[in-house]
Structure formats: C-alpha cells, structure tokens
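One structure is given here, and the rest of the page talks about it.
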Amino acid sequence: QAKAAGRGVARFFVPAMQEALEARLLWESELRRGIAEGQLRLFYQVQIGPGQRVRGVEALVRWQHPERGLVPPGEFIALAEDTGLILPLGNWVLEEACRQLAVWAHSPATAHLHIAVNVSARQFHQPGFAESVHGLIQRHGIHSSRLKLELTESLLLDNVNESIATMQALRTLGIAFSMDDFGTGYSSLTYVKRLPIDQLKIDQSFVRDLTTDRDDEAIVRAIIAMAHSLKLEVIAEGVETEAQRSFLEHNGCHAFQGYLFGRPMPIEQLDSWLASTQGRVSGAPGQA
Ligand code: C2E
Ligand code: MG
Ligand code: MG
Ligand code: MG
C-alpha cells in the first residue's frame, strides 16, 4: 500500500472504493456466520405439468438476516460464488431438499413430487460432487429420481467434458437435469445434444413479453421445437399471465412455473397450498 502510494497509485483508491470493499467484507462475514448459524431458508415454487398437476417444486434459497429481514438470492449468491461460500451454502440447500423429500416420501399426497435444486458452477465442478450427492441420497433414504438439478449453460460449457462426466455419474444414480435460463447463454445445438440433460427451462426473459414481442415469440417457438426434436422436456419459467400460459401450451410447452400458479413459499405454506388444491391448479390460478 505504502509502496503503491509512493508511485502515486493509491490516490485512485478513493474512499468510496474503500467503503465498498469494507461493506463487501462485512456482507461476506455476515453470510459466513448466517450459513453457520442456520439463517438460510428454502422457499418452494410449484412446477405445473400436464393436466394442470403439480409435479414438483423448485427450491429457492433465502437468507433470513437478523436485521435486514428476508434477503433474496440475487443479493448474496454472486458473493457466495466469488468467496467460495457457495460450497457450504450449496451443501446446505441440497441437504435441506433431501430432508424435505424424505418427509414427503411418507405421504401419498406428496411422495411423487420432485424438488429441483439450483447448482452453481463452483459447486458442480468441485471434486467429488457426484459422490457427495450420492451420499446425501443414501443418508436420507430418498428416491433419486425425486431430486432434479438445475444447471446453467455457462456452467456446463465451462468444461464440457468434465461436465458430461459428472452428469453421467449423477445420471447413473437416477438424477435428472434441467438446463436453467435456457436461451440466455451460448449453447449450440451440438452441445445440447451431447449433454445428458432431460429438460430445457425457457428463461423468463423470453416469457415476459411473449404475447407482445414477435422476436420473443419466435425464440420461444424455436426452443420448444428444439426440445421436441431432441426429445427433451420443456418447461417455461416466469409465467405470470393466462395469455402466456395458453400461448406456451398451444405451441407444445406443457410444463410451467410462475406467479400465475404460485410464488416461492415457505414449506408450511406450500403444504397447505398442496392440501387445499390437492395438487391440481384449477381454472382460477393466481395464488398470492
Ligand atoms: P432461477 O433459478 O432462474 O429462479 C427463478 C427466479 O424467478 C426465482 O427468483 C423466482 O422467484 C423468480 N420467479 C418465479 N416465477 C416468477 C414469475 O412469474 N415472475 C417473475 N418476475 N419472477 C419469477 P429468486 O428466488 O430471487 O432466485 C433468483 C436466482 O437465484 C435463481 O434464478 C437462481 O439462479 C439463484 N438461486 C436461487 N436459489 C439458489 C440456490 O439454492 N443455489 C444457487 N446456486 N442459486 C440459487
Ligand atoms: Mg432455477
Ligand atoms: Mg431460471
Ligand atoms: Mg432465470
């Protein structure tokens, strides 16, 4: 620092940067403590399949901060990825999802449901990831097909061969994969064909203006057609209106997720939602 100052570099290190750095370090140490002290929470958002039935949920992490309240993942996942905290965080999410699947396995009303878990690049590429997931499944005594992993294009294209090897190891266990935020990355048809994925998830940025933007309409149609020709399942995220849902359905997309059906909710709320709807969304969706 002193040496740098001597060369006249430090004067660019303005107080604002110092403050930002300190804020970040504080946020990091709070997150570290939050993970260790059990401040993470899983929320669940329903995924609707053919026949308007709930087929499963996506697990979405939140941080119940003691002073700041419920913090959304957009405010801490990137930091967790940068600092390596994504490893303990990701482990906690997987563990909690498996624990919930074990609870659901006891009731015929919920035993068929899957939980889709988002996995970050650093977590997925860590040595022994497939083995650790295997260990979790065994320890909780759950059916591996109930656990689904959501991976992004960039994560997989990072190192295609290694990704394929890890995916194959997990697939042998019976775990399914969804390619999240599909269409926002750079995957070519060739890559998608090589990857052992089961589902494409149309990114919500294409769904948003689906009924008014011709380009988005064309992109969504193309993704659905691509999924069909590759024999992959396709699900749309961010479905908020009946107009979007019906456009998607008419174009061959039979699985949906979005506020139209339900927001991400804590487990108690999900359980009562499932009980009251009997796992089927009727003509009047739009749950809060
Ligand atoms: P994602 O996996 O693409 O999740 C979908 C996001 O869209 C969620 O935001 C969800 O609440 C939101 N969403 C769902 N339906 C609608 C809708 O109809 N309209 C709109 N506008 N938004 C909708 P959330 O929960 O804030 O999560 C943001 C991102 O954080 C996720 O995007 C995912 O990339 C990441 N994330 C969440 N939980 C985890 C986790 O446990 N591990 C990792 N690595 N990442 C996570
Ligand atoms: Mg996701
Ligand atoms: Mg997504
Ligand atoms: Mg997204």
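List of remarks:
This table checks each residue for (1) open to solvent by 10 Å² or more (accessible area, probe 1.4 Å); (2) within 28 Å of Glu240 (Cα to Cα); (3) away from ligand 3 (no atom under 16 Å from the Cβ).
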| position | (1), (2), (3) |
| --- | --- |
| Leu40 | no, yes, yes |
| Gln64 | yes, yes, yes |
| Glu67 | yes, no, yes |
| Val71 | no, yes, yes |
| Ala78 | yes, yes, no |
| Asp82 | yes, no, yes |
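- Being over 19 Å from Leu260 (Cβ atoms), within 16 Å of ligand 1 (Cβ to nearest atom), touching a Ser or Thr at 6+ places or on another chain (Cβ under 8 Å) and charged (D, E, K, R) is not true of Lys201.
- Selected residue [closer than 28 Å to Ala275 by Cα and either within 16 Å of ligand 2 (Cβ to nearest atom) or not hydrophobic (A, V, I, L, M, F, W, C) (or both)] from His125, His143: His143
- Just so you know, in segment 133-160 the residues that are surrounded by 17 or more Cβ atoms within 10 Å (Cβ to Cβ) and among the polar types (S, T, N, Q) include one that is modelled with the lowest pLDDT, and it is Thr152.
- Residues of segment 224-231 include none that is more than 18 Å from the chain's Cα centre (by Cα), within 16 Å of ligand 4 (Cβ to nearest atom) and modelled with pLDDT under 95.
- Unique residue being among the aliphatic types (A, V, I, L, M), on the phi < 0 side of the Ramachandran plot, within 16 Å of ligand 3 (Cβ to nearest atom) and touching a residue at least 40 places away in the same chain (Cβ under 8 Å) when the list is Leu248, Leu200, Leu170: Leu248
- Restricting segment 233-263 to residues that are away from ligand 4 (no atom under 13 Å from the Cβ) and among the acidic types (Asp, Glu) leaves a set whose member that is nearest to Gln199 (Cα to Cα) is Glu233.
- Output for segment 99-132, where each listed residue is under 22 Å from Val46 (Cα atoms), crowded, with 18+ Cβ neighbours inside 10 Å and touching a Gly at 6+ places or on another chain (Cβ under 9 Å): Thr110, Leu113, His114, Ile115, Ala116, Val117, Asn118, Val119, Ser120
- Of all the listed residues (Glu22, Glu81, Glu37), the sole one being of a type in the set (D, E, K, R) and modelled with pLDDT under 95 is Glu22.
- In segment 66-117, the residues that are on the phi > 0 side of the Ramachandran plot and over 20 Å from the mean Cα position of the chain (by Cα): Gly69
- When segment 52-100 is filtered for residues that are under 18 Å from Ala176 (Cβ atoms) and charged (D, E, K, R), the ones remaining, listed by number, are Arg53, Arg55, Glu58.
- Residues satisfying the stated conditions in segment 50-79, i.e. near ligand 1 (Cβ under 10 Å from one of its atoms), among the hydrophobic types (A, V, I, L, M, F, W, C) and not in a strand (DSSP E or B): Phe76, Ile77, Ala78
The values are calculated or read from the model by the stated rules, or taken from the named source; none is laboratory data. Because the structure is predicted, anything quoted here is derived from the model rather than measured. Note that each Cβ is placed from the backbone with ideal geometry, even for glycine, and that neighbours are counted across all protein chains shown. Note: accessible area is taken over every heavy atom of the protein model, side chains too, but ligands, DNA and RNA are not part of it. Shrake-Rupley method; radii C 1.70, N 1.55, O 1.52, S 1.80 Å.
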